Structures are given as C-alpha cells and as structure tokens.
Amino acid sequence: MRVDVGVGNDASERPAELLTIRLSGWALAMNMRRAVVVGPEHVTAASATLRSALEPAIDRRIVGVGGHSGSFRPNRARIGTMLVRGVDGKQFWALRASGPELPVLVLDLRHHEFARIVAAVADPYAVARTINAGIVDDRR
C-alpha cells in the first residue's frame, strides 16, 4: 500500500488528485480495488489526530475477512472500508499495524464514495493545515 498526497503551495498548483491510496498484494485482493482517489473538490475538512482517538469507534469492515472491532483489536493493520459509530457513511482506512500514538490524517468528504478517509502520511498535521488553507482559499 502506498499513500500519495499532492498539495500545492497555492490554488493554481493544486493537483486534480489530492490524495491517492494505491493498493497492492493482499490489500488489493481483500478490497477488490486498485486505488482510492480523492480530488480537492470532495474535501470539506482535514485534521490530524492520534490513531487511538479514532480506532475504538470501528464496528466492522465492509469487505474482507477477520474481526475488525477497534475496541477489541486495536493497533492492527486496517486497510479497507470500515463502518464507524458516529459517522454516517463508509470510511476508508489506510493504516499499517502500529502503536496507538501514531498521528493520522483524517479527511471529511462530500459527494464521494466515502464519508471519511483515515490515512497514515508523513507529517499529517502539516498536510491537514495545507489542505485546510486551500479549502479556505477556494471559498473566498
């Protein structure tokens, strides 16, 4: 699995694909898809938080096998579509097995297949700030 984030320095540099999650190996087979692509027009908010703050709300995954209850099985690899308490709609998670203190990027979406994306990226706090700055610029 590879997560690519494309954020420009201003609105004229913003790419058509803001975030691309490319799946391979077992992740591709278990999710029956090669990629999840999010354009900037779909993002309503970006934030960064610790994995441990989100994971307990996971009820189950949509496709694949194995138990994915976040409260009973924390810190495991979560790559795929999840149903989460407190969020209407499906979420796509792209996290390898890690500790609970891993900071993750959270994208809230509209007019997209998923209501939310949760992904491990390099410096999710800086990525969230850059994305939110672009959202504010687009609304001016």
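Read-outs: derived from the displayed coordinates by stated rules, not from any lab. On a predicted model such as this, the values are computed, not experimentally measured, just so you know. As a convention, Cβ positions derive from the backbone with ideal geometry for all residues, glycine included, and neighbour counts pool all protein chains shown.
Details
- Residue-span extension gain [His111 to Ile135] - 0.36 nm each, minus C-alpha spacing: 7.1 nm
- Backbone phi angles across region 96-103, fed through the Karplus curve with coefficients 6.51, -1.76 and 1.60 (θ = phi - 60°), yield HN-Hα couplings of 7, 4, 6, x, x, 8, 5, x Hz in residue order; Gly and Pro are listed as x.
- Label point distance in nm, Glu41-Leu83, each placed 7 Å from Cα along Cα→Cβ: 3.1 nm
- Residues whose amide H falls under 5 Å from that of Leu19, counting only those 5 or more places apart or on a different chain, are Gly6, Val38, with hydrogens built in the peptide plane.
- For Ala35, residues with placed amide H under 5 Å, excluding near neighbours: Leu23
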